[in-house]
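Written below as structure tokens is the structure these notes are about.
The values are calculated or read from the model by the stated rules, or taken from the named source; none is laboratory data. Given the structure is predicted, the values throughout are model-derived calculations rather than measurements. Because the Cβ atoms are built from the backbone with ideal geometry, glycine has one as well, and the counts that use them run over all protein chains shown.
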Amino acid sequence: MRGGTAFGGMPTTAEYEVDALFKDLVDQFSQARLPMPVVVLHAEEADTGLDQAVADLVTAVQEAQEGGGLPHRLVAGPAGGDPHRNAIGILDGLSKGAWAKRGPSWYRHYAFPRSRLVAAIEGAAQHVLTTPDAGADRTLDDQVEAVLTRLRDLHWRPQQGTARSDWAQTLSPLLNSGTLIGAFVLAGLTTLLTQAHWEVVAGVVPASFLLLMVTGWVRRNTAPLSWLGQASHWFATTTFLAASGRQAAAWSIWRPRRSWDVTQARAREVAGEIIKAQLAGTPSEERDRSQQFHLQLRTLALLEDLRSAHRAWAPDLRGRKRRIPPVVFMPKAGTVNGGLKVLSAISDVRSRRSEQDPLLVLAGVAQADVPAWLEAESPGPEPVHPAGPRRGGPYENWVSNLRVRQAPSRGRALAWTLPVRLTRLQLNAGNTTGLTAVAVRRTAWFLWSRWTLLAVLVLAACAGLLRSEQLSHQYCEGRLLGSNHDAVWRVDQGGTRECIGLATGGVSFATGHDIRLNGLKPGQGGDDQAGAALSLGTLETDIRQENDRVAALPDVRYITIVYAGSFTTATGQESRALNSLKELAGVHLAQLRNNAGDPLKIKILVANGGQDLYFQTEMVDRIVGAASRDRSIVGVVGLGRDATDSDQAVGLLQQAGLAVVDTENSSTTLAQRHVNYFGLSATDQEEAAALRKIVDGLPQPAARLAAVLTRRPNNDHDQYSSEQAKYGAAMLRGAGFQLAGGGPLEYGLTDSGDPDYQDALRKACLPDLSVIYLAGRSDDVNQLMKLLSSEPGCGQKLTVLTGDDLTKAQFGTGRTTIAPQATLYYIALTVPAVTASPDLAATAASELRITPAPNTNPYEDDVFSDGALALAYDATAALHEGASRAGTSQHGSLAAVLAGLRAVDLTNRATGTIDFRETQPLTTGTEPGHGINIIRVKPGPAGKPPQIDLVCHRAAGDTRDLQGCRP
């Protein structure tokens, strides 16, 4: 290596030293964000050739960065002119235009809002000073006010040269397909014009252009430096201005008027200083002070803009993407061209401020300017990579001394300057070192950008919409945040979507199908639509209101009872939910009657198991989950359908400690298997035993032949038919009958749900047939009676027996018919017309507006006649009584409810006496005291409805055998 000077035994050149120092400084910033100095290169000897070599060296380092990604600017000040104006011009140039070539280290172009604000004040001041009426007779205050007027006219923007028209500025980015916004706009317009109706186009296009005009006007005529802008915030709060001004910092996001007043007051003072710095009549000492103030303010604005551009925790994380410092190269920083003034201002501002900015400056200074600017004894060039530790390098020495060299007592005016003195030998060594661009690498933070953020937001919005849509299909009250898990959507075997679970929150089972009871008599108020009062939606609303009223009572004690029924059905099959609707009405009536005077109040929760309780277990899971959160839930009323999963459902409730007071479920085994089960209905075994009394009273033909017709299992979870067939067949055999086909004859259901008896009746309709036991649902009766009227082998007199599901039949309205040769006997669980006390009818009339025709028994109305409402009414009262005896409330004591239920003895109820004292847990025999009634239906005279008679009955609580049951 020729011409070098040995440091530590290693020959070096100026090019090597400066290049190594420059890259070391960049590394220090990239790795630790250490302070960046103003590096000043100068020759050791006074020689114009050496000064030019220093300038060439700065230029060589700058040219090496052209192919890289280092953000930098090359400054070449003018050779003549006013040094102050030249310095301001250098600073103004640094805040305009792009910094070199964008490389991988770049996030976006640097923005300089603070510099633009100061430039706007400068431009307005220059305009006032150069206008023809700026005579000597105008005072400084007048000129300052003229500057503010000019600023308002320009909307506090720097004055531009030639500008495009307002329309061009508005439409150009929108109609330029090369921009993202323009591409979206053009695509939207194309789609609109090609696919939308002309009325839509005629409305959308003018509205869009009107919106563009309004937004464009607002953008052009509103100051970008408003009180919310970065520049205004900085301008109103910087202590640089507060130290010399008379207006205290008072910026506040909640005080826009006051914040803007502070900005204008400070602008007025800055404008005065700029004008004094340029007026010829200003005293030299004052003009020098004003120029120094102007130059330092301009420098501060530039440094603050760069510091903001590298702020690590900005919303766009810009500082984590810009890992290298911006660099300013000044090959010739002189006194005349303003370069030295800029370097001095940078050092002065940094010494005055506590903030650290990222700007790195590499400047070359002529040796003749050094004595007046740098210390007399500046450090010489030291090797950047010495043999010993790094702490001995020029940067390490400078940064370690920085904290004390800024102190005024040290006499060091340019503490932020790192001078590098180069010898003749180093400068004359030539370009022996290959200069390369600083290696700039992208970081993972580049994944975070405005477009990435936009993409993330779009994806998050799409994911949110998809998730919300998914949740809305999963939960009846599904939303992105806070879905209600108490009610879920399920699809039954027929493809019907049903809401299953508890009606908590905003869930309503009346949505979609608001089940109504038809045929109600108008109320006394004269409302012809009184029947609409007894609808699912109305009941749910009334129950919620009563629940809310109870919760608002002071020092209230209450329990919560869940009614579990079937409220959703396929379209056209709403009648299957009528029994549950009647039972819910009974539960609500019991709630109202109890809450009117009892200190232990009742709240009601409505649960839905779907059509025919197909999703009974799913519903019970939701009830158990709610009970684990709500200590006031004491038990369940309902579950009135005997299904294959009834045993599992009651078992789950038993595990949760919840009592079940069943209404119409006639299962024989539930009470035998579960200690928490209390049934108000006669079991299938008891019903068959009661019908034996009818069979024994029939005439005794020589050949005693009977047929048992039962539904074929078809995955509908129904167990009622199989249970009825089991006990009905056993009863007939015990009565001495032979069964056609040797046992129960199964019939299927068509796709529409109608029974198909063809095969079963072909085997059953024999000449000796006298009794048919229909182990099916009430929906199957009409088709059976129709076929009995036409089937050749069934024309003889027949006795048809069936269970309690026939209470749903509507013989009185003619919707259910009977064959001419048949007499039908069915079981009714209760007959309110002979058992119910007047309080049920009175409560229903006042609360539900159910008022039958005058001078008639209210319980002969269709709402009461099947006993469903009465059973639910009594079941609710019984569960409340058990909870009351156990001392239960919303505060707990759930475990004692089962014991309290076994002490229940309620007399004069709607179904008779509710007495659970003799109910034995897990008994193998039948439970005593179930109400049971046998109803006979005969064909009526021609054109008349069938004749319906009560053959015999036994009220609930009566343990005696049925009497007087003669066919």
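G651 - would you say it is under 47 Å from the mean Cα position of the chain (by Cα), assigned to a loop (DSSP other than H, G, I, E, B) and in the same structural domain as Y614 (by TED's automatic domain parsing)? In short, no. The requirement of being under 35 Å from the mean Cα position of the chain (by Cα), modelled with pLDDT of 70 or more and either assigned to a loop (DSSP other than H, G, I, E, B) or on the phi > 0 side of the Ramachandran plot (or both) is satisfied by G506. Looking across region 329-356 at every residue that is crowded, with 19+ Cβ neighbours inside 10 Å and among the hydroxyl-bearing types (S, T, Y), the one that is farthest from P78 (Cα to Cα) is identified as S347. Which one is modelled with the lowest pLDDT, of the residues in region 915-949 that are out of contact with any strand residue (DSSP E or B) (no Cβ under 6 Å at 6 or more places or on another chain) and under 26 Å from I818 (Cα atoms)? Ranking the qualifying residues of region 915-949, first place goes to G943. Say whether the condition of being among the hydroxyl-bearing types (S, T, Y), part of a helix (DSSP H, G or I), within 18 Å of L300 (Cβ to Cβ) and touching a residue at least 24 places away in the same chain (Cβ under 8 Å) is met by at least one residue in region 93-104. No - not one qualifying residue is present in region 93-104. For region 435-465, the candidate set comprises residues that are at pLDDT 80 or above, out of contact with any Leu (no Cβ under 7 Å at 6 or more places or on another chain) and small (G, A, S); within that set, the residue that is farthest from L70 (Cα to Cα) is A463. Checked against (1) in a strand (DSSP E or B); (2) out of contact with any helix residue (DSSP H, G or I) (no Cβ under 9 Å at 6 or more places or on another chain); (3) of a type in the set (S, T, Y), T541 passes all but condition (1).
Within region 654-698, restricting attention to residues that are out of contact with any helix residue (DSSP H, G or I) (no Cβ under 6 Å at 6 or more places or on another chain) and free of Cβ contacts under 8 Å to residues at least 40 places away in the same chain, which residue is farthest from L898 (Cα to Cα)? Looking at the filtered set, the residue picked out is D696. Apart from one condition, T799 fits all of (1) within 30 Å of Q758 (Cβ to Cβ); (2) modelled with pLDDT under 90; (3) not hydrophobic (A, V, I, L, M, F, W, C); the exception is (2). When restricted to residues that are touching a strand residue (DSSP E or B) at 6+ places or on another chain (Cβ under 8 Å) and in a loop (DSSP other than H, G, I, E, B), region 314-337 contains 5. Of the residues screened, I850 is one that is in the same structural domain as S535 (by TED's automatic domain parsing) and either crowded, with 24+ Cβ neighbours inside 10 Å or touching a strand residue (DSSP E or B) at 6+ places or on another chain (Cβ under 6 Å) (or both). When region 538-580 is filtered for residues that are of a type in the set (A, V, I, L, M, F, W, C) and in contact with a Lys or Arg (Cβ under 8 Å, 6 or more places away or on another chain), the ones remaining, listed by number, are V550, A551, L553, V556, I559, I561, L578. Restricting to region 761-794, name every residue that is at pLDDT below 85 and over 29 Å from Q573 (Cβ atoms). Once the filter is applied, which keeps residues that are at pLDDT below 85 and over 29 Å from Q573 (Cβ atoms), region 761-794 yields P792, G793. Which of (1) without any contact (Cβ under 8 Å) to a residue 24 or more places away in the chain; (2) buried (at least 23 other Cβ atoms within 10 Å of the Cβ) is the odd one out, the single condition V781 does not satisfy? Result: V781 passes all but (1). Scanning region 227-276 for residues that are at pLDDT below 75, within 19 Å of R352 (Cα to Cα) and hydroxyl-bearing (S, T, Y) yields a single hit, S244. Does G625 meet the test of being crowded, with 17+ Cβ neighbours inside 10 Å and either under 36 Å from the mean Cα position of the chain (by Cα) or modelled with pLDDT of 90 or more (or both)? Taking the combined requirement at face value, the residue does not satisfy it. A residue that is of a type in the set (K, R), in contact with a strand residue (DSSP E or B) (Cβ under 6 Å, 6 or more places away or on another chain) and on the phi < 0 side of the Ramachandran plot occurs somewhere in region 763-777. I'd like to know if region 787-794 contains one or more residues that are surrounded by fewer than 21 Cβ atoms within 10 Å (Cβ to Cβ) and touching a Phe, Trp or Tyr at 6+ places or on another chain (Cβ under 8 Å). Among the residues of region 787-794, at least one is surrounded by fewer than 21 Cβ atoms within 10 Å (Cβ to Cβ) and touching a Phe, Trp or Tyr at 6+ places or on another chain (Cβ under 8 Å), which makes the answer yes. Considering region 669-755, the qualifying helices (runs of 4 or more DSSP H), each wholly inside and each with 3 or more residues that are crowded, with 22+ Cβ neighbours inside 10 Å, run over 684-696, 720-734.
Only residues that are in a helix (DSSP H, G or I) and touching a strand residue (DSSP E or B) at 6+ places or on another chain (Cβ under 6 Å): list them for region 597-615, please. Within region 597-615, just L613 meets the criteria. When the residues of region 401-426 are filtered to those that are out of contact with any helix residue (DSSP H, G or I) (no Cβ under 7 Å at 6 or more places or on another chain), under 27 Å from E15 (Cβ atoms) and not hydrophobic (A, V, I, L, M, F, W, C), the one that is modelled with the lowest pLDDT is N401.
Of a type outside the set (G, A, S) and in a loop (DSSP other than H, G, I, E, B), is that true of R268? Here the answer is no, as R268 does not meet what is asked. Between R909, R954, the distinction of being in contact with a helix residue (DSSP H, G or I) (Cβ under 9 Å, 6 or more places away or on another chain), within 25 Å of D839 (Cα to Cα), touching a residue at least 40 places away in the same chain (Cβ under 8 Å) and among the charged types (D, E, K, R) belongs to R909 only. For V26, the conditions (1) at pLDDT 90 or above; (2) over 24 Å from D369 (Cβ atoms); (3) more than 60 Å from the chain's Cα centre (by Cα); (4) not charged (D, E, K, R) all hold with the exception of (3).
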